[in-house]
Amino acid sequence: MKLSQRAISISPSATLSISDKAKELKAQGQPVLSFSAGEPDFGSPQAACQAAIEAIERGETHYTPNSGIGELKKAVAGYYKKRFGLEYSAGEILVTSGLKTMLYETVQMLAGPGDEVLVFTPAWVSYVEQIKLADGRAVPVDTSGNGFSPSLTEIDKSITGRTRGMIINTPCNPTGAVYSAKTLRMLADVAVKYDLWIIFDEVYERLTYGGARHVNILQAAPEIRDRVIIANGVSKTYSMTGWRIGYALGPSEAIKKIDGLQSHLTSNASSIAQWAAAAAINEAEDEVERNRAAFERRRDLICGLLSEIKPLKFASPDGAFYIFIDIRGTGLPDDMEFCRRLLEEKYVALVPGAAFSAPGYVRMSYACSESDLKDGAASIKEFVEAQGQ
Ligand SMILES: Cc1ncc(COP(=O)(O)O)c(C=O)c1O
C-alpha cells in the first residue's frame, strides 16, 4: 500500500508504546513494574460514577450539542471563575473527547504549512507530532539550562519571521517544572511583541507540591486574553483518563472554528462522560486534594530513594507526577538503551527522554503505589550500579 507522506513522517506515542511493551511482558507472566504511563492510579470520583449511571438511566445516550452540554460548560466556567478569577461564557468553551483531541484540533486551526511553533523542551510527546500533522514546524526551545523553565535568551534564538505561536505546559510533563508568574509574564510579552498565539496546557494545574503554586498565564498577563487558548480536562485532576473529556477556553471566534473542525471529526464528546465530568468538577474537591497530598508523599519518597543512586541526577519536581532523571552519568550509551535494558533485565519500565525531545534523560511516573516505588527504585539501583562494575 502506498502511504502518504504524513503517515510516513508520524512517530507513534513513545509513552504508549513502552507501556504496551510492559503490558505484553506482564501478560507473559513477568513481574513488570511500569512507571511509564501518565495516569493517576486512583479511582474516578464517586460523584462522577454516580452521575454517569444516572445519565444512562435518564437516557442521555444520544448526540449532544457538538461543543458540549450546557451543564458541563457551566461547571467549567464556574471553576475558572472561582479558581483563577477568569470569566468565560458558554460560547468561549468547547468540550472535546480528551485533551489530546482538543490540542490536535486547536493546532490544526492555528498552524498552517511552514508555520513555526515554539515548543519548550523537554516537552510532552504529542506537541511536536501534532504540529507536524498540521504541516507546521515545531521549533524546540531548550529549557534544560535554566531549571526547565523557558529563558528569553533561548527564545530570542528561536524566533523567526515564520513564528506563529507557542505551546506552554505548566506544570510540565515530563519535567514537573512549574513556571513562575514572572516567566509567564515574560512569555506573554514575547507573544505580544511578535504577535503570537499561545496554547496554554494546564492539565496538571491541581498537582503542585511544597511551596510551588500554579499560575494561569491570564492571571500574570490579563491583557493577552485574545491570543490565548486554555487547554484543560478531567483526566489528571480527577483520575478520569478513560472518560476522555478535555476542554478549551478561548476567544469565541477561535472556539467557533475549532468547534467547526470537531463537527467533522469526533462530533460531541461522550454524552455520559460529559455528565460525569460536570459532577466531578462540581462535587469532587475533597478527592482532588486527597490525591494531590498522596502524590506529594510519593514524590518525597521517590526523590529520597533515587538520591541514593549516585550516577543519577534530577531536581525534585514541583508539580505533575513525573520525575525527569539525567542518566548521562551511568555509562550507558543513551536513554533508549537504558530503558530497553532496564525493562528486559529488571522488568522496570521508564520512558526514554528522546520521546520528549530530551535525549540523555528518562521519565519516571510516580502515579503508583509506594510499595511499587520502593521495589522499582531498588531494581533501578541494582541496574545502575551493575553498569559501573
Ligand atoms: C501535558 C499533557 N497534555 C495533554 C495530555 C492529554 O490528556 P488527555 O488524557 O485528556 O487526552 C496529557 C496526557 O498525558 C499531558 O501530559
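Rule-based calculations on the coordinates, nothing more; no lab input. The structure displayed is predicted, hence computed values, not measured ones. Methodologically, a virtual Cβ is constructed for each residue, glycine included, from the backbone with ideal geometry; neighbour enumeration extends over all protein chains shown.
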**Asked** Within segment 148-200, how many residues turn out to be within 12 Å of the ligand (Cβ to nearest atom) and in contact with a helix residue (DSSP H, G or I) (Cβ under 7 Å, 6 or more places away or on another chain)?
**Response** 5
**Filtered residues of segment 37-83 (kept if under 30 Å from PHE324 (Cα atoms) and hydrophobic (A, V, I, L, M, F, W, C))** = ALA37, PHE42
**Request:** Search segment 301-331 for residues being touching a residue at least 60 places away in the same chain (Cβ under 8 Å) and either loosely packed, with under 15 Cβ neighbours inside 10 Å or assigned to a helix (DSSP H, G or I) (or both), and hand back the single one that is farthest from the chain's Cα centre (by Cα).
**Result:** GLU308
**Complete:** Taking segment 172-219 and keeping residues under 19 Å from ILE155 (Cα atoms) and within 14 Å of the chain's Cα centre (by Cα) leaves CYS172, THR175, ALA177, VAL178, ILE199, PHE200, ASP201
**Prompt:** Are any residues in segment 122-140 more than 13 Å from the ligand (Cβ to nearest atom) and not in a helix (DSSP H, G or I), and if so, which ones?
**Reply:** ALA134, ASP135, GLY136, ARG137, ALA138, VAL139, PRO140
**Asked** Would it be correct to say that ALA212 is away from the ligand (no atom under 16 Å from the Cβ), under 22 Å from SER144 (Cβ atoms) and not charged (D, E, K, R)?
**Response** yes
**Message:** What's the total number of residues in segment 39-73 that are touching a residue at least 24 places away in the same chain (Cβ under 8 Å) and assigned to a loop (DSSP other than H, G, I, E, B)?
**Reply:** 17
**Request:** Being outside any helix (DSSP H, G or I), within 16 Å of the ligand (Cβ to nearest atom), closer than 21 Å to ASP259 by Cβ and touching a strand residue (DSSP E or B) at 6+ places or on another chain (Cβ under 9 Å) narrows it down to one of VAL117, VAL95, so name that one.
**Result:** VAL95
